[in-house]
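The values are calculated or read from the model by the stated rules, or taken from the named source; none is laboratory data. All values derive from a computational prediction rather than experimental measurement. FYI the Cβ positions are ideal-geometry reconstructions off the backbone, even for glycines, and counts take in every protein chain you see. Ligands, DNA and RNA are excluded from the accessible area calculation, which covers all protein heavy atoms including side chains. Shrake-Rupley method; radii C 1.70, N 1.55, O 1.52, S 1.80 Å.
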Amino acid sequence: MTRVFVLCEFSEGSTLAPLSGEMIGAARRIAGDGGVDAALVGSGVAGLAAQAAAYGADRVFVADNEVFADYQAEAFMPALAALVESADPDVILMGQTNAGRDLAPRLAFRLKTAAAMDVVEIKTDGGGVQFTRPFFGGAARADVAIKGRPAIATVRPKSQDEPEQDASRSAETITVDVSPDPATFKVRIIETTQVESEGVRLEDADVVISGGRGLGNSDGFRELEEIAKLLRGAVGASRAVCDMGWYPVANQVGLTGKVVSPTLYIAVGISGASQHMAGCAGSKNIVTINKDPDANIIAASRFAVVGDWKPIVEGFKKKVGELRSS
Ligand SMILES: Cc1cc2nc3c(=O)[nH]c(=O)nc-3n(C[C@H](O)[C@H](O)[C@H](O)COP(=O)(O)OP(=O)(O)OC[C@H]3O[C@@H](n4cnc5c(N)ncnc54)[C@H](O)[C@@H]3O)c2cc1C
């Protein structure tokens, strides 16, 4: 019997992020006859308990306070520690997100256990839980088991299937009153800037079309944006182009950028350096457009179109537009 605890995250504060559903689904799978607990730490999030239940949570722990409006470790750590103490889980899942990456090692240190980061597979093995995580920038994978209890893992977005929501399910809601005093925090958030992005978030997109240095200049991204719109997807970029200011760093895919696992990843004018592949190798299908038949990314691609990107992308956009309007 495994009791699994999931730290949820939110989309614009008004729904659970798809990753939360993916983690609750994975928790349900590994919990067996044990239970699944979802934790909602945020401001104005108590109403999302029903959605956590619909995804498969048995109990929902809620710490709802204005102090949790923006992620800040000094606020979240005491809340998370209090919720974990009440729930007493065997396994804790968090997202491989900015918050999860920061919180998991802190919590592991506090609880004298360990955290497996950027997990892409979770298996049960004779009662224990095994996590698979990529290393060497995605070139290899390791199966790890954690001796301490609870075992902590951060889960890569889109690596787990999002379960159907069952609105008829209900969960016990446990409200935990934690109100850390911001006056005691060593770090003060002075300003939060929202990156303007239209349409679907890169991390949540089912289709990602990314551009690299092969586009020649930033204008090429307008073409990719049009295609992304037609496919209801998002635009990504290699670090080379973000460093040159052709596209926002928030859209960088790779080791030092976002990790994406869409159903379709279209790489245009990207060579496929290991640091880029670390961010997209988990995609279900990679399609490459590159003029170099020996480009590294071609070996990892399901389909490759070899040639100058411009006429290929124009033809593709036209065809997608026709199919969309037919
Ligand atoms: C510590 C560290 C971290 C890093 N983190 C990241 C990261 O997170 N993300 C990341 O992307 N990179 C990262 N990098 C950089 C990485 O090593 C590469 O330099 C970078 O990914 C290359 O970007 P690119 O593929 O756009 O450019 P290039 O390697 O220059 O490739 C351009 C490609 O475009 C093709 N091309 C050229 N002209 C055309 C055309 N007309 N039509 C079609 N194809 C064309 C070329 O054949 C080539 O394959 C990191 C590097 C380091 C050292």
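Which members of the stretch 14-34 meet the condition of being part of a loop (DSSP other than H, G, I, E, B) and either of a type in the set (S, T, N, Q) or touching a residue at least 40 places away in the same chain (Cβ under 8 Å) (or both)?
Let us first name the residues in the stretch 14-34 that are part of a loop (DSSP other than H, G, I, E, B), namely 14, 17, 32-34.
Ser14, Ala17, Gly32, Gly34 - these are the residues of the stretch 14-34 that are part of a loop (DSSP other than H, G, I, E, B) and either of a type in the set (S, T, N, Q) or touching a residue at least 40 places away in the same chain (Cβ under 8 Å) (or both).
Tell me the residue from Thr192, Thr173 that is assigned to a loop (DSSP other than H, G, I, E, B) and within 26 Å of the chain's Cα centre (by Cα), please. So that I can check it myself, show each step before the final result.
Details: Thr173 fails: assigned to a loop (DSSP other than H, G, I, E, B).
Every option except Thr192 fails the conditions.
Can you tell me how many residues in the stretch 104-130 are over 17 Å from Val4 (Cα atoms) and over 15 Å from the mean Cα position of the chain (by Cα)?
Adding up the residues that qualify gives 5.
With a cut-off of at least 2 residues that are open to solvent by less than 80 Å² (accessible area, probe 1.4 Å), within 12 Å of the ligand (Cβ to nearest atom) and over 22 Å from Arg222 (Cβ atoms), name the helices (runs of 4 or more DSSP H) lying wholly within the stretch 237-326.
Working: elements: 239-243, 274-280, 296-299, 309-325.
Because the criterion is at least 2 residues that are open to solvent by less than 80 Å² (accessible area, probe 1.4 Å), within 12 Å of the ligand (Cβ to nearest atom) and over 22 Å from Arg222 (Cβ atoms), the helices (runs of 4 or more DSSP H) in the stretch 237-326 that meet it are 274-280, 296-299.
Would you say Ala57 is of a type outside the set (Val, Ile, Thr), at pLDDT 95 or above, part of a loop (DSSP other than H, G, I, E, B) and out of contact with any Lys or Arg (no Cβ under 6 Å at 6 or more places or on another chain)?
Values: of a type outside the set (Val, Ile, Thr): yes; at pLDDT 95 or above: yes; part of a loop (DSSP other than H, G, I, E, B): yes; out of contact with any Lys or Arg (no Cβ under 6 Å at 6 or more places or on another chain): yes.
It is true that Ala57 is of a type outside the set (Val, Ile, Thr), at pLDDT 95 or above, part of a loop (DSSP other than H, G, I, E, B) and out of contact with any Lys or Arg (no Cβ under 6 Å at 6 or more places or on another chain).
Looking only at the stretch 96-141, count every residue that is closer than 17 Å to Met277 by Cβ and among the aromatic types (Phe, Trp, Tyr) and tell me the total.
Residues meeting the conditions: 2.
Just name the residue that is surrounded by the fewest Cβ atoms within 10 Å (Cβ to Cβ) out of those in the stretch 205-228 that are more than 8 Å from the ligand (Cβ to nearest atom) and part of a strand (DSSP E or B). Show your work before the answer.
Start the filter on the stretch 205-228 by keeping residues that are more than 8 Å from the ligand (Cβ to nearest atom), which leaves 205-210, 217-228.
Next, from what is left, pick out any that are part of a strand (DSSP E or B): 207-210.
Working: Val207: 19, Val208: 30, Ile209: 28, Ser210: 30.
Applying the filter and picking the extreme gives Val207.
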